[in-house]
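Here the structure is laid out as structure tokens; the discussion comes afterwards.
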Amino acid sequence: MSGMTEVSSLTGRLLVATPALSDPNFDRAVVLLLDHDEEGSLGVVLNRPTPVGVGDILEGWGELAGAPGVVFQGGPVSLDSALGVAVIPGDEGAAARSRRRPGRDDPIGFRRVHGAIGLVDLEAPPELLAAALGSLRIFAGYAGWGPGQLEDELVEGAWYVVESEPGDVSSPDPERLWRSVLRRQRSELAMVATYPDDPSLN
């Protein structure tokens, strides 16, 4: 690895809450990092479905959101704002090569963040994106960290950092996501997936 450049940004990775993380907002959370640089970090919790249907708050987007077609609580910040995260397969190589220029073939209203994953402009007409969307999930709120804050939490052992897969965003069984993400790791992390919900009961 060429020093810091390789590890400097965790954008597109998953943060998986470790059993040591005590903040109830993030108990067993799986967070997809949408932005991570020296100014801070922003992500959405992938495994907190709410009872609210997408169609109830965003007209036209309900039928495009994958099952379960509900709004997810993306984190404790700005709960009254909605973020759309979509998977749009495409020429990811070209987008990666021209970091500053998003993929030219990407639909209007879509901003590629990492690989096939990107953010959807929910102000755009849904029909502009409908044909291209591999999957869409709507999040109310997000998780945010100030400069250096996430790094401190990583040092404290609050999070495992693992690779994301496009299917994580649209997992039809979000309650199982924490275990399934850990289970697919080729390391001792797979053992953590069997960690009891309350260690004191063991």
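Every test in (1) under 20 Å from the mean Cα position of the chain (by Cα); (2) closer than 26 Å to S9 by Cβ; (3) at pLDDT below 85 is passed by I138 save one, and that test is (3). Looking at the stretch 48-64, which of the residues that are outside any helix (DSSP H, G or I), in contact with a helix residue (DSSP H, G or I) (Cβ under 9 Å, 6 or more places away or on another chain) and open to solvent by 20 Å² or more (accessible area, probe 1.4 Å) is nearest to G146 (Cα to Cα)? Here the answer is R48. Out of all the residues in the stretch 134-152, is one or more without any contact (Cβ under 8 Å) to a residue 12 or more places away in the chain and not small (G, A, S)? Yes; the residues of the stretch 134-152 include at least one that is without any contact (Cβ under 8 Å) to a residue 12 or more places away in the chain and not small (G, A, S). Hey, among the residues in the stretch 177-201 that are touching a helix residue (DSSP H, G or I) at 6+ places or on another chain (Cβ under 6 Å) and under 21 Å from S22 (Cβ atoms), which one's modelled with the highest pLDDT? Selected residue: L182. Of the residues making up the stretch 19-47, those that are in a loop (DSSP other than H, G, I, E, B) and of a type in the set (D, E) are D23, D27, E38, E39.
Across the stretch 22-49, the qualifying residues are those that are farther than 25 Å from R111 by Cα and not hydrophobic (A, V, I, L, M, F, W, C), and the one among them that is modelled with the lowest pLDDT is S22. Report whether or not G75 is assigned to a loop (DSSP other than H, G, I, E, B), among the small types (G, A, S), at pLDDT 90 or above and open to solvent by less than 50 Å² (accessible area, probe 1.4 Å). Yes.
Counting only residues that are part of a strand (DSSP E or B) and surrounded by fewer than 17 Cβ atoms within 10 Å (Cβ to Cβ), the stretch 100-119 holds 1 of them.
The values are calculated or read from the model by the stated rules, or taken from the named source; none is laboratory data. For clarity, every value in this text was computed on a predicted model and none was experimentally measured. Backbone-built Cβ (ideal geometry, glycine too); neighbour counts: all protein chains shown. Only protein heavy atoms, including side chains, enter the accessible area calculation; ligands, DNA and RNA are left aside. Shrake-Rupley method; radii C 1.70, N 1.55, O 1.52, S 1.80 Å.
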